[in-house]
Structure formats: C-alpha cells, structure tokens
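Take a look at the structure set out below.
What follows is calculated from the coordinates using simple rules that are stated; it is not laboratory data. Computed from a predicted model, the values in this text were never measured in an experiment. Methodologically, a virtual Cβ is constructed for each residue, glycine included, from the backbone with ideal geometry; neighbour enumeration extends over all protein chains shown.
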Amino acid sequence: MALWNSGATWSSGQLWGPSTPAGPPTENTSNTHTKMLRQPYYPRSLKDRSEWHINFASKLPGYAAALALTPAETDSAVADNLVLGYGLGGWIVAMREHATACTSSLDTLEAGSGTTNYEFPVVQLPPPPVLPAGITGVKPGALLRTFDLVGIIKRRPGYTEAMGLDLGIVGPAAPPPPPPGESPPPELKERIIAGDLNQYVRLGYFKRGHEYVMIESRRGGGGWEPLAQSNKSPYIDTRALLTPGQAEVREYRARFWDNALPSSGWCDVVRVTVGP
C-alpha cells in the first residue's frame with residue numbers, strides 16, 4: 001500500500017495505507033523510549049495540498065462511525081476539503097495559465113497582425129466539485145476548520161494511527177539522521193533570565209531533524225558534566241549557585257544525539273556569568 005504522498009495520485013487506483021507505527025512520545029529531558037521522527041502531515045506544495053484535501057474528503061466518510069462523527073459534521077468537512085482541493089488544484093492552475101495567456105494576448109493586441117477583430121481571452125475553469133447533498137458552498141476558514149477537526153479526530157477513542165495514515169493526518173517518517181560524527185554541531189544561544197533563588201540560563205537551539213541535543217556544563221574549575229538530553233528548545237538551567245549569593249561562570253557545550261549515539265561533534269563552548 002502507498003502513503004498518500006508517496007507519488008500515487010488520488011485517481012491512480014493505488015490504495016493509500018499505513019506504514020510502521022510510531023513509538024511513544026518523548027519529554028524535553030528524556031531517557032525513555034525513542035520516538036519515530038515524523039515530518040509534518042500537511043504538505044508544503046500547493047499541488048500536494050490539493051491531493052491531500054481530496055484524499056481526506058474521500059476517506060473521512062468511511063471512518064465517520066468509528067470516530068463518532070455526525071452526518072452533518074462529516075458532510076461539512078467533506079465539503080470544506082473538496083472546495084480546498086479544487087481551489088488549491090485545478091482552479092489556481094487555470095487562473096495562472098489564464099494570467100499567462102492574458103499577457104501574451106496583450107502582446108498580440110499591441111503588435112500583432114491579422115484581419116479579424118481582437119478578442120480578450122476568456123478564462124476556462126475546470127468544473128467545481130460536487131458537494132454533499134444539501135450543501136451549496138463553504139464559509140471562509142475551511143483550512144482552520146480542517147485543522148481543528150484533525151485535532152478532534154486524534155483525541156477520539158476510536159482513532160488509530162493506521163486510520164491517521166490513511167487520512168493523511170500522520171506525517172511520513174522523517175529520513176534517518178546522518179551517521180555519527182558527520183553532522184555539523186548544534187548552535188547554542190544563551191540568555192540570562194530571572195530565577196527563584198538566582199538567575200537561570202536559557203539555552204536555545206535548533207534540532208535540524210535530530211532526536212536529541214546532548215548538553216554538558218562545567219563550572220567552578222570542575223570537569224564537563226552531563227546536564228540534559230533535550231528534545232525541545234529551549235532548555236532552562238535552573239541549578240542553584242555553587243556558593244549562594246556569589247556569581248559564577250558557567251560553560252556549556254552541546255552535540256546531536258541519535259539512535260543512542262553521538263551524531264556530531266561538540267559545538268563551540270558558550271560562557272555565561274550567572275548572578276544571584
């Protein structure tokens with residue numbers, strides 16, 4: 001079976017189906033099970049978005065009973081996504097082609113030749129989609145309503161990941177990270193923020209598709225110590241001062257961590273003075 005965005009089109013006759021299920025979620029600082037990394041489920045390109053909406057509209061009625069969706073909710077969602085698929089697909093393509101034809105036609109008007117009267121080009125649009133019975137159109141905000149519905153669907157007791165993959169509301173698996181040591185290191189952005197007993201250090205970073213950022217720290221003339229295995233930026237260092245009321249210099253370094261192994265070297269050391 002093919003995923004909805006694997007290259008198989010809605011009309012190809014090839015079924016869109018599930019892939020390997022994902023593991024449990026992870027926390028910001030975690031030593032628990034590894035989660036399958038996934039890309040966002042909503043496509044970036046207009047063409048792929050059109051196919052996504054058409055797939056969602058065609059598959060949703062088959063899951064309505066399991067998801068406890070009423071006929072009115074289902075019909076409204078189908079209408080939203082059929083119109084979105086049409087607008088992001090055939091309609092916008094036709095309008096862009098018409099704009100190109102208009103520009104060419106003006107060139108003919110200005111400097112063309114011939115004996116027949118000039119006529120302005122007329123836009124040729126594909127036929128609009130057939131909506132569920134009783135629905136004559138959709139109100140603005142169709143995409144936001146669809147995103148809200150996706151969130152509702154994922155919280156329903158009858159929802160399964162296989163269902164989500166079929167509907168296209170679970171993203172495809174992210175490509176595997178580079179082999180250990182081949183990625184450039186992360187970049188730490190430090191900032192002092194107010195804390196309870198003393199100042200805290202806020203460390204921001206970009207994961208760039210990796211599982212974790214491993215952060216180490218040293219202070220007071222000691223060696224490097226593991227501080228966090230973080231998968232959500234920023235990480236906040238809330239440690240108390242070594243000597244209460246006395247400022248200290250803290251150093252930080254970080255590297256990417258994938259599949260229980262380091263996948264980059266250490267970044268440049270970040271130094272910051274933490275005060276009371």
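Taken over region 104-173, the ratio of Cα radius of gyration to 2.2 N^0.38 Å equals 2.12.
Inter-label distance, W224 to A174: 2.3 nm, where each label sits 7 Å from its Cα along the C-beta direction. The order of the peptides 83-90, 261-268 by mean Cβ neighbours within 10 Å, most packed first, is 83-90, 261-268. Phi angles of region 209-217 translate, via the Karplus equation with coefficients 6.51, -1.76, 1.60 and θ = phi - 60°, into HN-Hα couplings of x, 7, 6, 9, 10, 8, 10, 10, 9 Hz per residue; Gly and Pro are given as x. Could you run the Karplus curve 6.51 cos²θ - 1.76 cosθ + 1.60 with θ = phi - 60° over region 154-163 and give me ³J(HN,Hα) per residue in whole Hz, x for Gly and Pro? Rounded to whole hertz, the list is 5, 9, 6, x, x, 6, 10, 5, 4, 5.
Backbone phi angles across region 247-261, fed through the Karplus curve with coefficients 6.51, -1.76 and 1.60 (θ = phi - 60°), yield HN-Hα couplings of 5, 9, 9, 10, 10, 9, 9, 8, 8, 6, 9, 9, 6, 6, 9 Hz in residue order; Gly and Pro are listed as x. Between region 151-172 and region 191-212, the C-alpha centres lie 33 angstrom from each other.
Distance between the modelled labels on S233 and W91, one decimal in nanometres: 3.7 nm (7 Å Cα→Cβ projection). Pull out a ≥ b ≥ c, the square roots of the eigenvalues of the alpha-carbon gyration tensor of region 233-276, then state rounded if a/c is under 1.5, prolate if not and a/b is larger than b/c, and oblate in the remaining case. In terms of gyration-tensor shape, prolate.
P(r) for region 30-137: what percent of alpha-carbon pairs falls in each 5 Å bin, starting at zero? It works out to 2, 10, 14, 13, 12, 11, 9, 8, 7, 5, 3, 2, 1, 1, 0, 0, in whole percents. Looking at region 189-274, the pairs of alpha carbons with a distance over 17 Å make up 46% of the total. Rounded to the nearest angstrom and listed largest first, the equivalent-ellipsoid semi-axes of region 122-276 from its Cα gyration tensor are 48, 21, 16.
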